[in-house]
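So the structure is just underneath, and the comments pick up after that.
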């Protein structure tokens, strides 16, 4: 398990404990040993899955990656609504840069979007697995 920011480390620790309660043995990257203690650090053996926890400021960067899939989400705005808000912010940026929106209109509309995007969001991402193919023939 890896974290994407300082705040995501707090959520990751809760996720580690929840997985342990379900009799799984989650392990974390050695770079965060101080936060998770040495008995939870991955040191040897095969890694079955790498989970990444992302929060508010890093959520969109991970959600937009084609190599990752969202496996768990919690937030006051749905993940789909966050995606729509990000697209709206990008559209406002493009319109402003093209001179289609004056500074006041841009600031007002962009602030409305930013306020909604500033609400808490936590996502857990896993690598997207390519579909398995059957034997050739």
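The values are calculated or read from the model by the stated rules, or taken from the named source; none is laboratory data. Nothing here was measured: the structure is a model prediction, and the numbers come from that model. So basically every Cβ, Gly included, is an ideal-geometry build from the backbone, and we count neighbours across all protein chains shown.
Computed values, structure above
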| item | result |
| --- | --- |
| Residue 2 vs. criteria touching a helix residue (DSSP H, G or I) at 6+ places or on another chain (Cβ under 9 Å), within 18 Å of residue 71 (Cβ to Cβ), modelled with pLDDT under 85 and surrounded by 10 or more Cβ atoms within 10 Å (Cβ to Cβ) | yes |
| Residue within region 36-52 that is within 16 Å of residue 128 (Cβ to Cβ) and surrounded by 16 or more Cβ atoms within 10 Å (Cβ to Cβ) present | yes |
| In region 11-23, the residues that are under 23 Å from residue 68 (Cβ atoms) and touching a helix residue (DSSP H, G or I) at 6+ places or on another chain (Cβ under 9 Å) | 12, 13, 16 |
| Conditions (1) outside any helix (DSSP H, G or I); (2) surrounded by 13 or more Cβ atoms within 10 Å (Cβ to Cβ); number of the one not met by residue 66 | (2) |
| Selected residue (only one of 94, 82, 110 is over 20 Å from residue 10 (Cα atoms) and under 18 Å from the mean Cα position of the chain (by Cα)) | 82 |
| Qualifying residue in region 85-101 (condition: in contact (Cβ under 8 Å) with a residue 12 or more places away in the chain, buried (at least 16 other Cβ atoms within 10 Å of the Cβ) and in a strand (DSSP E or B)) | no |
| Qualifying position, being at pLDDT below 95 and surrounded by 12 or more Cβ atoms within 10 Å (Cβ to Cβ), among 127, 136 | 127 |
| Number of the condition not met by residue 57 [criteria: (1) in contact with a helix residue (DSSP H, G or I) (Cβ under 7 Å, 6 or more places away or on another chain); (2) within 19 Å of residue 7 (Cα to Cα); (3) not in a strand (DSSP E or B)] | (1) |
| Residues within region 9-52 that are under 26 Å from residue 74 (Cα atoms), in contact with a strand residue (DSSP E or B) (Cβ under 7 Å, 6 or more places away or on another chain) and either in a loop (DSSP other than H, G, I, E, B) or in contact (Cβ under 8 Å) with a residue 60 or more places away in the chain (or both), tallied | 8 |
